[in-house]
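The values are calculated or read from the model by the stated rules, or taken from the named source; none is laboratory data. For clarity, every value in this text was computed on a predicted model and none was experimentally measured. Note: ideal-geometry Cβ built from the backbone for every residue, glycine included; neighbour counts use all protein chains shown.
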Amino acid sequence: MNKDSASPYRGNLKLTGTSSTLGGSYDKVRIVGDAVVSGGIACSEMRCIGTYDIKGSLGAGSIRLVGDGVSEALRAGTVKLTGKAIVGRDAEIGELSGAGDVEVGGTLKAGDISLRGSLRVAGDCGAEQFRPKGMFAIGGLLNAGDIDIKLYQNSSAKEIGGGRIEVARGSVISPLSLVFRPSSDAVLEASIIEGDDIHLEHTRAGIVRGSRITIGEGCDIGQVEYKERLDVKRGATVGEQRKV
């Protein structure tokens, strides 16, 4: 460890190979290999190529993960990953990006979510911007100011609320990619979708409420309640339309 008297943290931590250590407060954490940490970690910056298993909470200004990471709870300014991150309880992240899988056992609060891959949240998910490309399963409410969903696999949320909500099937990101391709059957399912400006495609919902609503191709909606405008495109099914 390198002692830095100007840092509020204890110092730097570097782990290589298969290793284990105690938790604590550090400035920069570097992991190359497989690390097990007994206790929580607080740091200004974490970089991991490999795996980490933190038996406690992880708090960091920024996290860059290439591999797999597990923690009981997570609070970070930015998280960029290529791999998989599992959080046992709640997570609070300023910006979540990258490609891979994220699982949160509690609630997720974020500023910007722009993940390519899969997102699973047991509870509610709240964000300023929600822009996933892939699939997601949210057990509670998905709430964001701006929602722009690109479907690659079936996705779901119990309820969805936002200012602007747009749902469409994704496109092939790279012609060389054989894995990250949109399914021709991918749909979004929710019991209630509510917002100001709503444009839906390939969506199944019980109720859609909003001011300006477009129901596009592949939609099956039980009831639509609109204030200003409703446009139902060819290839969409709406059971009941009501202006409120």
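Scoring Ile213 on the criteria (1) over 30 Å from Asp90 (Cα atoms); (2) touching a Phe, Trp or Tyr at 6+ places or on another chain (Cβ under 6 Å); (3) modelled with pLDDT under 95 leaves a single failure, condition (3). Scanning the stretch 154-175 for residues that are surrounded by fewer than 17 Cβ atoms within 10 Å (Cβ to Cβ) and not in a strand (DSSP E or B) turns up Asn154, Ser171, Val172, Ile173, Ser174, Pro175. Within the stretch 117-139, the residues that satisfy the criterion of being assigned to a strand (DSSP E or B), surrounded by 19 or more Cβ atoms within 10 Å (Cβ to Cβ) and not small (Gly, Ala, Ser) are Leu119, Val121, Cys125, Phe130, Lys133, Met135, Phe136, Ile138. Among the residues of the stretch 6-50, those that are at negative phi and touching a Leu at 6+ places or on another chain (Cβ under 6 Å) comprise Tyr26, Val29, Ile31, Ala35, Ser38, Ile41, Cys48. Scanning the stretch 188-227 for residues that are touching a Lys or Arg at 6+ places or on another chain (Cβ under 8 Å), surrounded by fewer than 18 Cβ atoms within 10 Å (Cβ to Cβ) and either outside any strand (DSSP E or B) or not charged (D, E, K, R) (or both) yields a total of 5.
Of the residues making up the stretch 39-58, those that are surrounded by 19 or more Cβ atoms within 10 Å (Cβ to Cβ), within 13 Å of Val87 (Cβ to Cβ) and not aliphatic (A, V, I, L, M) are Tyr52, Ser57. Selection of first residues in the stretch 116-134 that are over 15 Å from Thr82 (Cα atoms) and of second residues that are part of a loop (DSSP other than H, G, I, E, B) and among the hydroxyl-bearing types (Ser, Thr, Tyr), restricted to Cβ pairs under 6 Å at least 6 apart or on distinct chains, gives the following pairs, ordered by first then second residue: Gly123/Thr107; Asp124/Thr107. Restricting to the stretch 14-38, name every residue that is within 16 Å of Glu72 (Cβ to Cβ), exposed (fewer than 15 other Cβ atoms within 10 Å of the Cβ) and at pLDDT 95 or above. Scanning the stretch 14-38 gives a single hit, Ser38. Quick one: would you say Gly235 is part of a strand (DSSP E or B) and out of contact with any His (no Cβ under 8 Å at 6 or more places or on another chain)? Against the criterion (part of a strand (DSSP E or B) and out of contact with any His (no Cβ under 8 Å at 6 or more places or on another chain)), Gly235 does not qualify. If you check Asp185, Asp146 for being surrounded by fewer than 18 Cβ atoms within 10 Å (Cβ to Cβ), modelled with pLDDT under 95 and either outside any loop (DSSP other than H, G, I, E, B) or among the acidic types (Asp, Glu) (or both), only one passes: Asp185. Return yes when Ala99 is more than 12 Å from the chain's Cα centre (by Cα) and part of a strand (DSSP E or B) and no when it is not. For Ala99, the condition - more than 12 Å from the chain's Cα centre (by Cα) and part of a strand (DSSP E or B) - is not met. For the stretch 199-212, residues that are closer than 16 Å to Arg242 by Cα and under 25 Å from the mean Cα position of the chain (by Cα) total 6. In the stretch 2-13 there is no residue matching the filter, namely being surrounded by fewer than 18 Cβ atoms within 10 Å (Cβ to Cβ) and part of a strand (DSSP E or B).
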